[in-house]
Amino acid sequence: MAELEKIIWISIILIVIISVKEKLRLALPILLLVTGLILSLTRLVPSIDMSPEMIFYVVLPPILFDAAWNTSIPEFKKELSKISLLAVGLVFLTTTIIACIAHSMIPGFSWPLAFILGAIISPPDAVAATSITKGLPLPKKLVTILEGESLLNDASALIAYKCALIAIVSDVFSFSKAGFQFITISTGGIIIGLIVGYTFLKLHKFLYGNSNVETFVMVLLPFATYSMAEHLECSGVLAVVILGMFLSWNSFSLFSSNSRIQMSHFWDVIVFVLNGLVFLILGMQLPQIITDIPYEDLPVLILYGLLIFGVLIVIRLFVIFTFPLFSSQQSEKGTGFFSQAKKEYIILSWSGMRGVVSLAAALAMPLYDNNGVPVPQRSTILFITFVVIIFTLLIQGLTLPKLIQLIRPAEQAEKTEKELNVLLINQSLSFLENMNYKNSMTENIVTGMIKKLTKEELQLSHKTIAPARDRIEWRKTYFKIELELIDFQRTELIKNYYKGEYSLEIIRKKEWELDFWATTVYHEIETLE
């Protein structure tokens, strides 16, 4: 009951913070983090201990699944080489360089301890960067790279973390064995995600039409998939990401209109609450973290954290400026310092904020090794990790919006929602004009629809007047044709999405409009029966 009361009080604080966010004009993760720090120092509210199990098994699966669900597969494929470089290459390079620095500079750091510190702080946070850049004038390409990196880098870092952890508790480490483990753990996670997604695809027919059950199953799947993969010693992160992408790709024809609308609102609330609570609780961990640290050691450890923070920026900047080597686009091979590509690289380099996954990994370190001996430097690793998180979120997070305004990257030319509306209208007009008329009533209805599509751009109404004796039959026929038109537009929408010509954000918005339209029509039909 005591823990529940803490959560209630913290939730109330979260609501208050969100209500004043617009006036303060700060990114929500930063505002929540600062509030958590203030609460931890003043002890106005009892702190909630951040359990690693809570982060890995409760918070991470739904956040990753939602991010994967809202990732445009065509855009992801276009930037796959850069995303892979950041999510895999950069993570392992960062882990290695930070390990070398920690081993050479921090007293008492063996190679396994140094590598585990590198693995813990190597992955940028899956939420911080996208939350801070949300609403800023960024090219769509940069957003895709940041979101794609955040989906995959946790998997790379956690696999490296597991290998280093084995070395700490068993005092045995092999690079060849670690490489083999990375391949098997990653491949296993991908396979599990695909198997779960394909199984759900085949069994879904037994749920179709029941939006409550579909929503419940969709909420349960990420947790079950993550837990299954971890118990099979595979990557739960990759399993959930692949599951989310697989179901998102098939979602257009998989779920009913009611289910899509219901799931959309439900997931928005879940992810919003989790993101808010996790950054607030993150800031409140300071008392727990400094418990075992002598106060005279704090200044030195803070300096170590500041040094590592600087090294993280340099490494990320170096790797990102190698992008032209992995790109066939001539625009990215410009030599001018202020070329569009260079501006984008600078923004990407400054977007590597760390967050809750790093802290959870540090907290998950065991207290004792296999021989019952206390793991050395555990509190030091925990504190340095916390310092690096604070520096990245506050320094980079607060200055990133200003940096974007200063650099002013050119927005990527992409097809707009208005163009998609015009395209769907033109295709719908062709569909209606080629329709076979069964009788004069159908012909009159289709003619009316064509006029409305032309004049009102999809603002269809039911104002056509029919004789009283044919009113019900006329309305049934009208609604039937409307549903056929909705199905046609949905098919064309899916085709255009698979071609990769429109962003997933525009596609999802249009899909939601079609779902809402279909729900309205079904409701009207029910009133006639």
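Structure above, values below:
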item	result
Neighbour net charge for SER251 - beta-carbon separation under 10 angstrom, K R +1, D E -1	+1
When each of LYS141/LYS451; LYS205/LYS509; LYS342/LYS495; LYS21/LYS78 is checked by Cα-Cα distance, pairs over 30 Å	LYS141/LYS451; LYS342/LYS495; LYS21/LYS78
LYS402-ILE12 pseudo-label distance in nm [points 7 Å out on the Cα-to-Cβ vector]	3.6 nm
Linear extension gain, ASN250 paired with THR291, 0.36 nm per residue minus alpha-carbon span	9.8 nm
All-pairs alpha carbon distance profile, region 217-314, 5 Å steps from 0, percent	2, 9, 11, 14, 14, 13, 12, 10, 7, 5, 3, 1, 0
Spherically averaged projected area of region 1-126 from its Cα convex hull (nm²)	11.6 nm²
Linear extension gain, LEU201 paired with PHE216, 0.36 nm per residue minus alpha-carbon span	3.9 nm
Average accessible area per residue (Å²) across the chain - probe 1.4 Å, nucleic acids and ligands excluded	47 Å²
The chain - percent of accessible surface contributed by carbon and sulfur, probe 1.4 Å	64 percent
All-pairs alpha carbon distance profile, the chain, 10 Å steps from 0, percent	3, 16, 25, 24, 16, 8, 5, 2, 0, 0
Cα→Cβ-extended label distance, 7 Å offset, between THR520 and MET228, nm	4.0 nm
Distance (nanometres) between label positions extended 7 Å along Cα→Cβ at LEU307 and VAL273	4.4 nm
Solvent exposure, largest accessible area first (probe 1.4 Å, DNA, RNA and ligands not counted), of TRP69, TRP512	TRP512, TRP69
Accessible area in the full protein assembly, largest first, 1.4 Å probe, for ARG354, ARG408, ARG508	ARG408, ARG508, ARG354
Per-pair calculated FRET efficiency, R0 = 60 Å: SER440 and SER110 via Cβ, rounded to 0.05	0.10
Accessible-area value, ASP125, 1.4 Å probe, nucleic acids and ligands omitted, Å²	10 Å²
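The values are calculated or read from the model by the stated rules, or taken from the named source; none is laboratory data. Nothing here was measured: the structure is a model prediction, and the numbers come from that model. Cβ: placed from backbone, ideal geometry, glycine included. Neighbour counts: every protein chain shown. Protein only, heavy atoms only, side chains kept; ligands, DNA and RNA dropped before computing areas. Shrake-Rupley method; radii C 1.70, N 1.55, O 1.52, S 1.80 Å.
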